[in-house]
Amino acid sequence: MTDDITSVGADSRSDTGMSALKGRTGAGTPAETRGKTTIADGVVAKIAGMAAREVPGIYNLGAGMARAFGAMRERVPGGGGGVTRGVKVEVGERQAAVDLDVVVEYGVSIVDVAGDVRTNVISAVERMTGLEVVEVNIAVDDVHLPDEEEESEPDEGRVR
């Protein structure tokens with residue numbers, strides 16, 4: 001693909017949180033490269049979050065407080081699904097870096113799971129956006145034990 005990745009406004013890229021894929025123009029260029037495609041940082045974060053969650057051995061994403069706030073936010077109508085919880089991305093002109101906070105299942109090899117997460121996230125982001133992923137940093141914040149259950153919803157009333 002011949003697209004060049006450039007930022008949207010030289011000084012405003014960090015303000016807008018977007019990167020752009022800009023193609024060549026003119027009658028002699030292929031149709032798929034005419035014009036520009038803009039990718040928001042949030043899109044890259046969603047892709048990375050979904051790719052990380054697909055890996056066996058990952059229980060959840062986000063540090064303790066982020067998970068607590070995310071659980072409350074999910075209960076509020078229109079509060080969002082929390083796909084980007086525990087995901088931070090930095091997107092430049094041609095490259096992206098991803099930071100993940102994860103909770104792993106007890107008994108899995110953390111080194112193997114981290115390698116699988118890196119592979120899956122890099123593959124998904126590069127395939128879907130065309131950006132080069134320069135690093136995926138993983139912070140393992142917790143281990144989910146088999147007997148631990150998330151706090152369940154309280155019953156509507158004491159009597160039925």
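Nothing in this text is a laboratory measurement; each read-out follows from the coordinates by a stated rule. Everything quoted here is computed from the prediction, not taken from an experiment. Neighbour counts run over all protein chains shown; Cβ positions are idealised from the backbone, glycine included.
How far apart, in nm, are the 7 Å Cα→Cβ label points at I110 and E90?
Placing both labels 7 Å beyond Cα along the Cβ direction yields 2.4 nm.
Ordered by packing density, taken as the mean number of other Cβ atoms within 10 Å over each peptide's residues, highest first, how do 124-133, 96-105 rank? Don't jump to the answer; show the numbers that get you there.
Values: 124-133: 17.0, 96-105: 21.4.
Order by mean packing, descending: 96-105, 124-133.
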